[in-house]
Amino acid sequence: MSELDLLISGGRVVSPERIIDADIGVLNGRIVAIGAAASGLSARERIDAGGLHVIPGAIDVHVHFREPGFSHKESWTSATRAAAVGGVTTVFDMPNTNPPTSGVEALERKRAIARAQAIVDFGLYANIAPDNLDQLVPMAKAGAAAFKLYMGSENPLVPCPPDGVILDAFGIIAPLGRRVTVHAENTPVLMHLGDRLVASGRIDTAAHLAQHADIATIEAVSRTGIFAEWTGCPVHIAHESCRHSLPHLRFAKQRGVDITAETCPHYLLLDTAIAAHLGHAIRVKPPVREPGHAGPLWDALMDGSIDMISTDHAPHLPAEKYTASIWDAAPGFAGVETSMVLMLAQVSAGRMTLCDYVRMACAAPARAFGLAPRKGAIAIGADADIVLVNMDKRGSITAAGLHSIGNFTPFECFALHGMPVRTIVRGRTVALDGRPVGTPGWGRDVILEA
């Protein structure tokens with residue numbers, strides 16, 4: 001073998017099944033040797049990973065990077081720097097920008113922005129709109145990584161299509177080799193409850209939770225499974241937050257429906273009691289719910305009913321979060337930089353293992369969204385997307401320390417135990433010791449530039 005570009009030596013390599021001591025050799029952005037085959041080879045760059053765990057880069061299939069249209073909240077530069085520092089090497093960006101990514105022209109415009117700025121790899125969602133069925137195949141051919149369906153939406157940029165259009169869209173997408181990620185809430189229920197609450201004068205934090213009643217999620221998860229079963233379309237449930245939806249998710253899987261699901265750290269680690277001090281700033285869709293949901297969500301994540309961790313990274317400025325009325329508080333918050341450290345803290349606390357984390361943050365999203373075996377694993381032939389983790393390192397989360405422009409976090413002052421110290425994308429270091437060091441434009445489109 002010719003001289004390696006990079007040799008990572010002395011680390012403990014983590015897969016979903018086991019942890020082994022092994023060196024890793026990288027050439028032309030790919031892993032070409034592991035273990036004895038890598039040891040002793042010459043390399044232009046050598047990294048001593050002694051005392052560190054070596055894991056695949058995390059894949060976050062649910063982020064909102066805000067460009068075009070909302071760059072005062074986030075840019076692709078700031079967002080991918082945050083991702084890199086957080087150990088995330090591949091992101092899938094949602095289509096609710098302005099303009100929304102509902103046609104080929106908008107898709108290509110967003111790709112040009114991402115290509116110029118990104119320091120991590122990326123995929124782009126295409127939107128399923130009430131009036132763009134004729135654009136679905138062209139967008140897939142133009143490199144859309146997946147499709148997004150806002151089954152629960154009050155956003156005029158991405159309104160919920162009628163059920164007939166959803167069925168037609170699923171039928172069109174089924175043979176295309178793409179998955180549809182669904183915001184699974186019932187829009188008519190949300191609109192009806194919201195109108196009634198506003199009319200009654202409710203502006204308190206709890207009104208948002210009352211609007212997003214459990215039944216809105218239960219019905220939509222069930223309907224998604226039925227529509228997917230009928231059409232053969234692969235689907236993915238976004239940001240699962242409700243324990244009552246889990247039997248419907250499991251039932252669809254038992255029937256053989258190609259359905260996967262994600263949850264997010266804020267549903268696993270927060271509830272309305274824990275987050276009461278945040279007031280309206282905790283607003284996110286679906287909501288952080290009352291105590292009693294997190295435990296079943298953890299159980300589902302550990303038994304595989306929920307397949308993966310994502311973040312629903314949706315940054316806003318602090319002024320957009322702290323408002324007099326709950327209805328004026330922007331929903332969502334930054335998450336792509338904090339997800340890994342929050343989950344590593346759970347590993348340190350004994351709630352799960354590092355192998356569990358690699359399964360849910362790396363392997364499962366790669367498999368579900370067609371990126372395996374190139375992404376999500378430390379394996380021969382895979383992209384050298386690698387994160388070095390120091391499980392002894394401690395710290396805490398602060399908004400001031402985050403790299404997103406919209407840096408509000410509900411996890412202010414959360415204690416950390418276990419942190420990424422180096423992030424590598426296709427053999428090149430893009431973050432080191434909490435600092436982004438990647439070159440804008442290094443990130444590639446995972447569909448068009450494989």
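Here is how the numbers come out for the structure above:
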| quantity | calculated |
| --- | --- |
| Considering residues of segment 1-22 that are part of a loop (DSSP other than H, G, I, E, B) and hydroxyl-bearing (Ser, Thr, Tyr) only, the residue surrounded by the most Cβ atoms within 10 Å (Cβ to Cβ) | SER15 |
| Segment 317-350, residues that are within 14 Å of the chain's Cα centre (by Cα) and small (Gly, Ala, Ser) | GLY332, ALA334, GLY335, SER339 |
| Matching helices (runs of 4 or more DSSP H) fully within segment 286-397 where at least 1 residues are of a type in the set (A, V, I, L, M, F, W, C) and touching a Lys or Arg at 6+ places or on another chain (Cβ under 6 Å) | 364-368 |
| Close pairs from segment 390-402: first touching a residue at least 60 places away in the same chain (Cβ under 8 Å) and not assigned by TED's automatic domain parsing to the domain that holds SER348, partner in a loop (DSSP other than H, G, I, E, B) and among the polar types (S, T, N, Q), Cβ under 6 Å, at least 6 apart | ALA399/ASN407; ALA399/THR409 |
| Residues (of a type in the set (Val, Ile, Thr) and buried (at least 24 other Cβ atoms within 10 Å of the Cβ)) located in segment 49-96 | VAL54, ILE55, ILE59, VAL61, VAL63, THR80, VAL85, VAL88, THR89, THR90, VAL91 |
| All positions within segment 247-293 that are in contact (Cβ under 8 Å) with a residue 60 or more places away in the chain and at positive phi | GLY279 |
| Count - residues of segment 398-418 that are small (Gly, Ala, Ser) and in contact with a Pro (Cβ under 6 Å, 6 or more places away or on another chain) | 2 |
| Among residues of segment 21-36, those that are of a type in the set (Val, Ile, Thr), under 23 Å from ASN390 (Cα atoms) and more than 27 Å from the chain's Cα centre (by Cα), counted | 1 |
| Some residue of segment 220-229 being farther than 25 Å from PRO95 by Cα and touching a residue at least 60 places away in the same chain (Cβ under 8 Å) | no |
| Count of residues meeting criterion [free of Cβ contacts under 8 Å to residues at least 60 places away in the same chain and closer than 20 Å to ALA261 by Cα] in segment 132-147 | 1 |
| All positions within segment 347-369 that are in contact with a helix residue (DSSP H, G or I) (Cβ under 8 Å, 6 or more places away or on another chain) and not aliphatic (A, V, I, L, M) | ARG351, THR353, ASP356, TYR357 |
| Tally, over segment 270-326, of residues that are among the acidic types (Asp, Glu) and surrounded by 15 or more Cβ atoms within 10 Å (Cβ to Cβ) | 4 |
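Yes or no, residue by residue, for (1) under 19 Å from VAL61 (Cα atoms); (2) surrounded by fewer than 20 Cβ atoms within 10 Å (Cβ to Cβ):
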{"site": "ILE386", "(1), (2)": "yes, no"}
{"site": "LEU402", "(1), (2)": "no, no"}
{"site": "GLU412", "(1), (2)": "no, yes"}
{"site": "PRO420", "(1), (2)": "no, no"}
{"site": "VAL430", "(1), (2)": "no, no"}
{"site": "GLY443", "(1), (2)": "yes, no"}
{"site": "GLU449", "(1), (2)": "yes, yes"}
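Condition check ((1) over 21 Å from LEU124 (Cβ atoms); (2) buried (at least 23 other Cβ atoms within 10 Å of the Cβ); (3) of a type in the set (S, T, N, Q)) across all residues:
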site: ASN155; (1), (2), (3): no, no, yes
site: ILE172; (1), (2), (3): no, no, no
site: PRO175; (1), (2), (3): no, no, no
site: ARG178; (1), (2), (3): no, no, no
site: THR181; (1), (2), (3): no, yes, yes
site: LEU193; (1), (2), (3): yes, no, no
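The values are calculated or read from the model by the stated rules, or taken from the named source; none is laboratory data. Just so we're clear, the structure is a prediction, and the values are computed from it rather than from any experiment. Because the Cβ atoms are built from the backbone with ideal geometry, glycine has one as well, and the counts that use them run over all protein chains shown.
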